[in-house]
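S.K.: Once you've had a glance at the structure underneath, I'll fire off some questions.
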Ligand SMILES: Cc1cc2nc3c(=O)[nH]c(=O)nc-3n(C[C@H](O)[C@H](O)[C@H](O)COP(=O)(O)OP(=O)(O)OC[C@H]3O[C@@H](n4cnc5c(N)ncnc54)[C@H](O)[C@@H]3O)c2cc1C
């Protein structure tokens with residue numbers, strides 16, 4: 001029998017893979033392959049997986065290789081370089097030719113780079129008369145299946161979600177195949193190490209807090225979530241000091257667990273309690289829907305009127321440097337803004353490769369509104385530091401917070417980081433964990449140290465400007481600056 005190539009991409013697991021289930025049943029030999037081609041991710045590789053995401057990928061590939069060995073197979077690893085005649089399409093064409101493969105199977109991707117890659121592969125295979133067969137979906141449903149009555153894509157979440165709720169349940173979970181038939185001869189593989197996905201200096205040691213990015217890690221995260229956290233999700237999901245959310249985003253990003261499985265298992269556990277969680281999974285589908293239909297949005301606002309918004313840039317796309325903007329951006333990245341909740345969120349991100357959703361909104365709003373820095377500065381920083389970096393979700397999140405995307409928070413609605421802090425970290429536990437230099441302050445004082453009387457600061461060992469920074473921008477000043485810029489844009 002001619003072998004089939006299974007091209008793994010962001011679906012690095014054996015469960016819930018309709019193509020692999022079918023191939024295992026047919027007994028056809030399968031050659032599983034993963035191609036590391038970062039230069040193909042966006043124009044000039046600008047959305048190549050960032051440093052934290054590469055760590056997650058390394059773990060996922062290690063686990064996938066082991067899982068394949070367990071079912072009598074192997075993972076062939078390849079890397080391509082940014083040269084003409086190189087790339088995933090050329091690699092797969094040449095592999096298909098050498099193996100005399102009958103077809104290549106894959107799970108489709110919905111992002112622009114993934115789709116372009118598939119088109120290139122299809123083109124390259126045409127001369128060999130071999131098909132590229134897509135099965136499965138990285139979302140609950142493919143993005144082209146949801147359309148408004150006038151056949152245009154959705155731009156508002158609520159009607160999108162209502163439409164999703166009318167659909168048949170997503171694909172049922174499938175067990176991993178017990179055995180995959182091996183080809184007569186195996187092609188050569190690069191060792192995982194040679195993809196150089198791990199950092200040379202071990203700054204990623206804190207990433208272990210999320211657990212390993214493996215299917216077993218994903219199942220463990222799901223098992224801990226299906227209980228009190230799911231039942232208490234509507235309230236618990238907003239308290240960053242608690243494990244009130246599933247923390248499955250990293251596992252979803254590289255496909256360690258399928259979103260269809262989450263949908264089914266959460267609903268099987270408790271269909272009523274699952275609803276708010278399923279709604280968040282639908283936000284993920286909404287992000288994919290927007291990115292699919294509006295491919296330009298990773299770098300340009302969906303709402304075109306924001307194209308001329310007077311954002312600040314540390315260095316503008318035209319190469320103009322703004323030292324004050326660069327200083328503010330650096331302070332934000334390093335959790336040194338003088339706003340305890342913002343700093344706590346940014347430090348959690350740096351240390352663990354993950355940040356709570358409430359904090360993503362607070363730090364994002366602070367960056368684009370109080371500091372008026374371009375949302376792309378934040379999106380790129382997140383892209384490099386998040387283990388769960390996902391182009392659709394990151395674009396959706398940043399444009400939502402900047403007020404320039406679909407169904408976005410209106411620009412004039414500005415999160416106050418102190419009010420957010422008092423409301424969502426009322427006990428101060430989150431701030432104390434990530435900003436230990438303020439830990440001895442009374443809870444009443446913790447959220448706004450600049451308002452604290454000198455004696456209270458001294459007795460808590462806090463020296464403003466020495467042990468903890470002064471606020472880099474005043475709350476009123478930042479808010480007024482944002483509103484003035486918005487008024488200017490509307491003229
Ligand atoms: C500025 C900004 C940037 C973001 N960047 C990313 C990113 O790069 N990757 C990413 O996966 N998420 C991103 N998010 C969305 C959200 O913050 C994370 O998905 C969530 O915090 C992950 O934690 P969890 O798995 O515990 O979520 P849970 O609350 O347990 O939710 C379950 C799953 O639903 C999906 N989900 C939840 N909230 C959202 C949302 N608001 N938008 C889209 N999907 C959602 C995620 O896949 C998540 O894993 C971003 C949000 C903002 C505001």
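S.K.: So which of 239, 272 ends up being crowded, with 20+ Cβ neighbours inside 10 Å and either more than 18 Å from the chain's Cα centre (by Cα) or more than 13 Å from the ligand (Cβ to nearest atom) (or both)?
M.R.: Values: 272 fails: crowded, with 20+ Cβ neighbours inside 10 Å.
That would be 239, the only listed residue that is crowded, with 20+ Cβ neighbours inside 10 Å and either more than 18 Å from the chain's Cα centre (by Cα) or more than 13 Å from the ligand (Cβ to nearest atom) (or both).
S.K.: Given segment 231-303, what helices (runs of 4 or more DSSP H) lie entirely inside it while holding 2 or more residues that are closer than 22 Å to residue 405 by Cα? Step through it out loud before you land on a result.
M.R.: Details: elements: 233-236, 249-253, 259-269, 271-293.
By residue number, 249-253, 271-293.
S.K.: Can you name every residue in segment 382-391 that is within 8 Å of the ligand (Cβ to nearest atom) and assigned to a helix (DSSP H, G or I)? Please lay out each step first, then the result.
M.R.: From segment 382-391, those within 8 Å of the ligand (Cβ to nearest atom) are 382-383, 386, 388-391; that's our starting set.
Within segment 382-391, 382, 383, 391 qualify.
S.K.: Here is a follow-up. When segment 196-225 is examined, which residues are found to be free of Cβ contacts under 8 Å to residues at least 40 places away in the same chain and farther than 23 Å from residue 267 by Cβ?
M.R.: Correct list: 196, 200, 201, 202, 203, 205, 208, 211.
S.K.: On the basis of being touching a helix residue (DSSP H, G or I) at 6+ places or on another chain (Cβ under 9 Å), over 27 Å from residue 260 (Cβ atoms), surrounded by fewer than 20 Cβ atoms within 10 Å (Cβ to Cβ) and touching a residue at least 40 places away in the same chain (Cβ under 8 Å), does residue 98 make the cut? Even if it seems obvious, please write down each step before you answer.
M.R.: Working: touching a helix residue (DSSP H, G or I) at 6+ places or on another chain (Cβ under 9 Å): no; over 27 Å from residue 260 (Cβ atoms): yes; surrounded by fewer than 20 Cβ atoms within 10 Å (Cβ to Cβ): yes; touching a residue at least 40 places away in the same chain (Cβ under 8 Å): yes.
Criteria not met by residue 98.
S.K.: Would you check if residue 408 is at pLDDT below 95, under 24 Å from residue 288 (Cβ atoms) and within 15 Å of the ligand (Cβ to nearest atom)? Don't jump to the end; show me each part of the working.
M.R.: Working: at pLDDT below 95: yes; under 24 Å from residue 288 (Cβ atoms): yes; within 15 Å of the ligand (Cβ to nearest atom): yes.
Against the criterion (at pLDDT below 95, under 24 Å from residue 288 (Cβ atoms) and within 15 Å of the ligand (Cβ to nearest atom)), residue 408 qualifies.
S.K.: Report yes if residue 308 is more than 10 Å from the ligand (Cβ to nearest atom), assigned by TED's automatic domain parsing to the domain that holds residue 325 and surrounded by fewer than 19 Cβ atoms within 10 Å (Cβ to Cβ), otherwise no. Step through it out loud before you land on a result.
M.R.: Values: more than 10 Å from the ligand (Cβ to nearest atom): yes; assigned by TED's automatic domain parsing to the domain that holds residue 325: yes; surrounded by fewer than 19 Cβ atoms within 10 Å (Cβ to Cβ): yes.
The answer is yes for residue 308.
S.K.: Restrict the check to segment 251-264 and report whether at least one residue is without any contact (Cβ under 8 Å) to a residue 60 or more places away in the chain, within 11 Å of the ligand (Cβ to nearest atom), buried (at least 24 other Cβ atoms within 10 Å of the Cβ) and within 16 Å of residue 393 (Cα to Cα).
M.R.: Within segment 251-264, the subset without any contact (Cβ under 8 Å) to a residue 60 or more places away in the chain is 251, 262.
Right, trim to within 11 Å of the ligand (Cβ to nearest atom) and you get 251, 262.
Retained after the next criterion (residues that are buried (at least 24 other Cβ atoms within 10 Å of the Cβ)): 251, 262.
Narrowing further to those that are within 16 Å of residue 393 (Cα to Cα): 251.
Checked segment 251-264: at least one residue is without any contact (Cβ under 8 Å) to a residue 60 or more places away in the chain, within 11 Å of the ligand (Cβ to nearest atom), buried (at least 24 other Cβ atoms within 10 Å of the Cβ) and within 16 Å of residue 393 (Cα to Cα).
S.K.: While we're looking at this one, here's another question. When you look at residue 345, is it near the ligand (Cβ under 10 Å from one of its atoms), surrounded by 24 or more Cβ atoms within 10 Å (Cβ to Cβ) and either at pLDDT 95 or above or not in a helix (DSSP H, G or I) (or both), yes or no? I'd like the intermediate steps shown before the answer.
M.R.: Values: near the ligand (Cβ under 10 Å from one of its atoms): no; surrounded by 24 or more Cβ atoms within 10 Å (Cβ to Cβ): yes; either at pLDDT 95 or above or not in a helix (DSSP H, G or I) (or both): yes.
For residue 345, the condition - near the ligand (Cβ under 10 Å from one of its atoms), surrounded by 24 or more Cβ atoms within 10 Å (Cβ to Cβ) and either at pLDDT 95 or above or not in a helix (DSSP H, G or I) (or both) - is not met.
S.K.: Given 435, 462, 466, which one is over 20 Å from residue 362 (Cβ atoms), crowded, with 20+ Cβ neighbours inside 10 Å, at pLDDT 95 or above and assigned by TED's automatic domain parsing to the domain that holds residue 345?
M.R.: Numbers: 435 fails: over 20 Å from residue 362 (Cβ atoms); 466 fails: crowded, with 20+ Cβ neighbours inside 10 Å.
Every option except 462 fails the conditions.
The rows are residues; the columns are (1) outside the structural domain of residue 85 (by TED's automatic domain parsing); (2) within 21 Å of residue 91 (Cβ to Cβ); (3) surrounded by fewer than 19 Cβ atoms within 10 Å (Cβ to Cβ).
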{"site": "26", "(1), (2), (3)": "no, no, yes"}
{"site": "34", "(1), (2), (3)": "no, yes, no"}
{"site": "42", "(1), (2), (3)": "no, yes, yes"}
{"site": "48", "(1), (2), (3)": "no, yes, yes"}
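The values are calculated or read from the model by the stated rules, or taken from the named source; none is laboratory data. Because the structure is predicted, anything quoted here is derived from the model rather than measured. Note that we place each Cβ from the backbone using ideal geometry, even for glycine, and neighbour counts take in every protein chain shown.
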